[in-house]
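Let me begin by presenting the structure, written as structure tokens, before commenting on it.
The values are calculated or read from the model by the stated rules, or taken from the named source; none is laboratory data. As the structure is a computational prediction, the values presented were derived from the model and not from experiment. For neighbour counting, all protein chains shown are included, and Cβ atoms are generated from backbone atoms with ideal geometry for every residue, glycine included. The area values use the complete protein model at the heavy-atom level, side chains included, leaving out ligands, DNA and RNA. Shrake-Rupley method; radii C 1.70, N 1.55, O 1.52, S 1.80 Å.
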Amino acid sequence: MSLMKIFDTAGSGMAAESLRLNTVASNLANADSVSNSADSAYKAKELLFAPTQDGDGVGVTGASSDGAVNNGVRMVGVTESQQPVESHYEPGNPMADANGYVYGSNVNPIDELVNMISASRSYQNNVEVMNTTKQLMIKTIDLGS
């Protein structure tokens with residue numbers, strides 16, 4: 001039944017948004033971290049997603065035996081933000097380098113909150129797709145009885 005593929009597509013979207021929410025949480029948790037060098041400072045993580053088709057997980061276009069194409073999404077990698085890290089002059093800080101500077105993360109909390117809201121709403125939309133499909137399937141079964 002091709003309606004079942006809707007659950008696969010919405011499920012892959014929910015999994016992707018869940019990963020996105022976890023990444024946002026990690027970024028926000030490390031937003032105030034400091035380091036003794038710019039290279040070792042926490043850099044915001046960003047997920048890379050790619051579409052998949054026919055459930056093969058490699059993004060190759062194809063159709064199933066009943067002719068329906070099963071689309072979804074998968075994570076293909078994690079990158080670090082290329083924004084510069086902040087440096088602060090704090091000679092009394094135990095994490096300070098030889099010049100008295102500590103280096104903060106490059107996490108922008110406002111951007112992360114926007115990502116969190118977007119991921120949460122996308123997750124909710126996928127849940128609604130699943131619920132609507134379930135209701136349509138139940139109504140179709142009721143018509144047959």
- Query: What are the residues whose amide H is under 5 Å from the amide H of Thr52, where those residues sit 5 or more places off or on another chain and H is modelled from the backbone?
  - Reply: Gly72, Val73, Arg74
- In the range 70-145, which GluC sites (Glu not before Pro) fall in coil by DSSP and have 15 or fewer other Cβ atoms within 10 Å? Glu86
- Message: Counting only other residues whose beta carbon sits under 14 Å from that of Asn93, what net charge do I get with K and R as +1, D and E as -1?
- Response: -4
- Mean accessible surface per residue for the chain, computed with a 1.4 Å probe while every protein chain stays in place, in Å²: 63
- Item | Over the chain: helical MRE at 222 nm, DSSP H runs n ≥ 4 each giving -39500 (n - 2.57), nearest 500 | -15500 deg cm²/dmol
- Relative to the Cα centre, what is the charge dipole magnitude of the chain, using +1 at the beta carbon of each Lys and Arg, -1 at the beta carbon of each Asp and Glu, and rounding to the nearest 20 debye? 500
- Using Cα positions and a limit of under 23 Å, work out the lysines in reach of Lys5, with same-chain residues fewer than 8 apart set aside. Lys134, Lys139
- Cα-based convex hull volume of the range 69-145 per residue, rounded to whole Å³: 148
- Query: Once label points are set 7 Å from the Cα along Cα→Cβ at both Ser120 and Ala29, what is their separation, rounded to one decimal in nm?
  - Reply: 1.8
- Summarise the long-distance tail of P(r) for the chain by giving the % of C-alpha pairs beyond 17 Å. 70
- Would you work out which of Gln53, Ser18, Gly104 lies farthest towards the positive end of the dipole of the chain? Charges go on Cβ: Lys and Arg +1, Asp and Glu -1. Gln53
- Query: Over the chain, what percent of the accessible surface lies on carbon and sulfur atoms, probe 1.4 Å?
  - Reply: 55
